[in-house]
């Protein structure tokens, strides 16, 4: 056979029993979930900033970053809600490269998914405990989210997954905001169809069980740019793009129209410093159009302790991305303060 079993993995129930969510953290998550939910329902005018490393590759540096973010959060909490990106699994276009802490808890060692599952739950719990913030992750593997579903306050479905049926159906059973990215082609209809699917209830097979979902009315769009047939990046964060999305939302008659603008990826062509300018343009678009101010609920920014990126080696810089390049901490702090001033 072409597939072999390496090791049996613990069930979500077993892992949660080994690394439980304390009453204090459960209360924290409930409070944060409600605060974030109110943004997406329009009850709150606060602006969401989903920010952090492209990939959460090291527990110590990620927790240091989130703790710094918490200090900034105290200064901007009247205007913003900061949601740390703690992304523990990474999609790879060709299947090659670092796939995240879930696969490799130690980036320069061989994959170990058993150790990875333990490592990602420990890291999320530590980040919550130390910072008082609850985080976001990408739902790369729908069945794996059960290992973290009691911890996360926001999830994203990536450009390569958004058309997948299991991702859409699983999103329909979530009780937190889930962002559906436009696919790499940039096709907005695919993204909107995914939102329609996620907002409706379904019956399907999930982790060997026959389940029924109620639908997730907090499912929404994420614009991340696209790539044309020649491989050229096509940004979709501009004023005209957002107006077009608003029009498409109105035709679909979806609940809680909302979009998060991803400032990196194909919107910036991974020129990470461009994220700062893109945020400014997004904020300007909101000021110019009341409909866009209501529609655009926040931005997604890739940021870490040290700017840029590096290859995996035996001599890596602490707090620098090993996947996509990120802005560094000084730029991050200035950017967050600027967003708070303009919102």
(message) Out of 64, 34, 14, I need the residue that is exposed (fewer than 13 other Cβ atoms within 10 Å of the Cβ) and over 18 Å from the mean Cα position of the chain (by Cα). Which one?
(response) 14
(request) Could you tell me whether any residue of the stretch 255-277 is in contact with a strand residue (DSSP E or B) (Cβ under 9 Å, 6 or more places away or on another chain), within 14 Å of residue 192 (Cβ to Cβ) and surrounded by fewer than 21 Cβ atoms within 10 Å (Cβ to Cβ)? (result) yes
(message) Checking the conditions here, which among 309, 334, 286 is surrounded by fewer than 14 Cβ atoms within 10 Å (Cβ to Cβ) and modelled with pLDDT of 95 or more?
(response) 334
(request) Inspect the stretch 126-135 for any residue being without any contact (Cβ under 8 Å) to a residue 40 or more places away in the chain, within 23 Å of residue 27 (Cα to Cα) and touching a helix residue (DSSP H, G or I) at 6+ places or on another chain (Cβ under 8 Å) and give the result as yes or no. (result) no
(request) Please state which of the following conditions residue 102 fails to meet, knowing it meets all the rest: (1) touching a helix residue (DSSP H, G or I) at 6+ places or on another chain (Cβ under 6 Å); (2) buried (at least 17 other Cβ atoms within 10 Å of the Cβ); (3) under 24 Å from residue 286 (Cα atoms). (result) (3)
(message) Regarding the stretch 131-139, can at least one residue be identified that is surrounded by 16 or more Cβ atoms within 10 Å (Cβ to Cβ), in contact with a strand residue (DSSP E or B) (Cβ under 9 Å, 6 or more places away or on another chain) and under 16 Å from residue 15 (Cβ atoms)?
(response) yes
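Yes or no, residue by residue, for (1) at pLDDT below 95; (2) surrounded by 17 or more Cβ atoms within 10 Å (Cβ to Cβ); (3) under 22 Å from residue 83 (Cβ atoms); (4) over 17 Å from the mean Cα position of the chain (by Cα):
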{"site": "234", "(1), (2), (3), (4)": "no, no, no, yes"}
{"site": "282", "(1), (2), (3), (4)": "no, yes, yes, yes"}
{"site": "295", "(1), (2), (3), (4)": "no, yes, yes, yes"}
{"site": "300", "(1), (2), (3), (4)": "no, yes, yes, no"}
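Report whether or not residue 9 is within 22 Å of residue 103 (Cβ to Cβ), out of contact with any strand residue (DSSP E or B) (no Cβ under 9 Å at 6 or more places or on another chain), surrounded by 12 or more Cβ atoms within 10 Å (Cβ to Cβ) and at pLDDT below 95.
On the way: within 22 Å of residue 103 (Cβ to Cβ): yes; out of contact with any strand residue (DSSP E or B) (no Cβ under 9 Å at 6 or more places or on another chain): yes; surrounded by 12 or more Cβ atoms within 10 Å (Cβ to Cβ): yes; at pLDDT below 95: yes.
Here the answer is yes, as residue 9 does meet what is asked.
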(message) Being surrounded by 16 or more Cβ atoms within 10 Å (Cβ to Cβ), at pLDDT below 95 and under 27 Å from residue 216 (Cα atoms): is that true of residue 90 here?
(response) yes
(request) Consider residue 246 carefully, then state whether it is at pLDDT below 95 and buried (at least 16 other Cβ atoms within 10 Å of the Cβ). (result) no
(request) Would you tally the residues in the stretch 1-41 being assigned to a helix (DSSP H, G or I) and touching a helix residue (DSSP H, G or I) at 6+ places or on another chain (Cβ under 7 Å)? (result) 4
(request) Please identify the pairs in which a residue from the stretch 224-235 that is without any contact (Cβ under 8 Å) to a residue 60 or more places away in the chain and at positive phi has its Cβ atom under 6 Å from the Cβ atom of a residue that is surrounded by 16 or more Cβ atoms within 10 Å (Cβ to Cβ) and in a strand (DSSP E or B), counting only partners at least 6 apart or on another chain. (result) 225/233
(request) Looking at (1) at pLDDT below 95; (2) over 22 Å from residue 37 (Cα atoms), find the lone condition where residue 161 falls short. (result) (1)
(message) With the requirement that a residue be outside any strand (DSSP E or B), under 15 Å from residue 133 (Cα atoms) and within 18 Å of the chain's Cα centre (by Cα), what does the stretch 74-100 give you?
(response) 86, 87
(message) Between a residue in the stretch 87-112 that is over 23 Å from residue 146 (Cα atoms) and any residue that is surrounded by fewer than 20 Cβ atoms within 10 Å (Cβ to Cβ) and at pLDDT 85 or above, which pairs come within a Cβ distance under 7 Å, given they are 6 or more apart or on different chains?
(response) 107/98; 107/312; 108/312; 108/314
(request) Collect the residues in the stretch 236-266 that are free of Cβ contacts under 8 Å to residues at least 40 places away in the same chain and at positive phi, keeping them in residue-number order. (result) 253
(request) For residue 203, indicate whether it is at negative phi and free of Cβ contacts under 8 Å to residues at least 24 places away in the same chain. (result) yes
(request) Exactly one condition in (1) farther than 17 Å from residue 180 by Cα; (2) in contact with a helix residue (DSSP H, G or I) (Cβ under 6 Å, 6 or more places away or on another chain) is not met by residue 232; state its number. (result) (2)
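The values are calculated or read from the model by the stated rules, or taken from the named source; none is laboratory data. Here the structure is a predicted model, which means the values were calculated and not measured. Cβ coordinates were reconstructed from backbone atoms using ideal geometry, including for glycine residues, and neighbour counts include every protein chain displayed.
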